[in-house]
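Here's the structure we're looking at; comments come further down.
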Amino acid sequence: MKKNITKIRVRYGETDKMGVVYYGNYAQYLEQGRTEWLRELGFSYRWMEENNIELPVTKLYIEYKKGARYDDEIFVTTRLRKLPTFTIEFDYEIHNVEGELLVSASTTLVFIDMLKNKIRRAPEYLLEKLRD
């Protein structure tokens with residue numbers, strides 16, 4: 001399925017006293033990867049919210065292999081697991097410039113109709129782009 005690679009430079013404030021990325025910050029890196037994946041399709045979270053769709057995370061799984069450090073360049077590879085239905089699922093890998101696998105992860109998000117505050121199917125405009 002469609003994938004995106006997002007380059008990120010680790011900022012000082014994202015690290016702990018030892019200069020290693022604080023484990024909770026990896027979820028933000030995954031969000032950046034998802035955001036760029038969606039943007040590459042021609043949409044943004046903002047645009048989807050303006051069209052009354054929210055995408056909250058319902059599941060997050062992270063396996064830490066090796067820590068990234070302050071000022072490292074890391075690469076978040078975001079892959080769509082399958083065509084979305086009521087949910088959209090992503091797999092991720094984060095590598096450093098040496099190609100070492102730092103993190104593997106997955107997330108599940110659910111499509112919410114903001115006007116009805118209910119779960120809805122994936123919008124057709126998104127499905128059309130993914131079928132191309």
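The values are calculated or read from the model by the stated rules, or taken from the named source; none is laboratory data. Just so it is clear, the model here is predicted, and its values are computed rather than measured. Neighbour counts are summed over all protein chains in view; Cβ atoms, including those assigned to glycine, are modelled from backbone coordinates with ideal geometry.
So here's what we get for this one:
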quantity: Complete set of residues in the stretch 95-132 that are in contact with a helix residue (DSSP H, G or I) (Cβ under 6 Å, 6 or more places away or on another chain) and either over 18 Å from Lys59 (Cα atoms) or loosely packed, with under 12 Cβ neighbours inside 10 Å (or both); calculated: Lys129
quantity: The stretch 56-70: number of residues that are in contact with a helix residue (DSSP H, G or I) (Cβ under 8 Å, 6 or more places away or on another chain) and over 21 Å from Val110 (Cα atoms); calculated: 2
quantity: Hey, Gly19 modelled with pLDDT under 95 and surrounded by 13 or more Cβ atoms within 10 Å (Cβ to Cβ) or not; calculated: yes
quantity: Residue among Phe75, Phe111 that is more than 21 Å from Tyr26 (Cβ to Cβ) and in contact (Cβ under 8 Å) with a residue 12 or more places away in the chain; calculated: Phe111
quantity: Extreme residue, nearest to Glu63 (Cα to Cα), among residues of the stretch 23-34 that are free of Cβ contacts under 8 Å to residues at least 12 places away in the same chain and surrounded by 14 or more Cβ atoms within 10 Å (Cβ to Cβ); calculated: Asn25
quantity: Breaking point among (1) under 30 Å from Lys116 (Cβ atoms); (2) surrounded by 14 or more Cβ atoms within 10 Å (Cβ to Cβ); (3) of a type in the set (Phe, Trp, Tyr), for Tyr92; calculated: (1)
quantity: Residue count, the stretch 108-129 (criterion: charged (D, E, K, R), assigned to a loop (DSSP other than H, G, I, E, B) and either touching a strand residue (DSSP E or B) at 6+ places or on another chain (Cβ under 9 Å) or under 18 Å from Ser44 (Cβ atoms) (or both)); calculated: 1
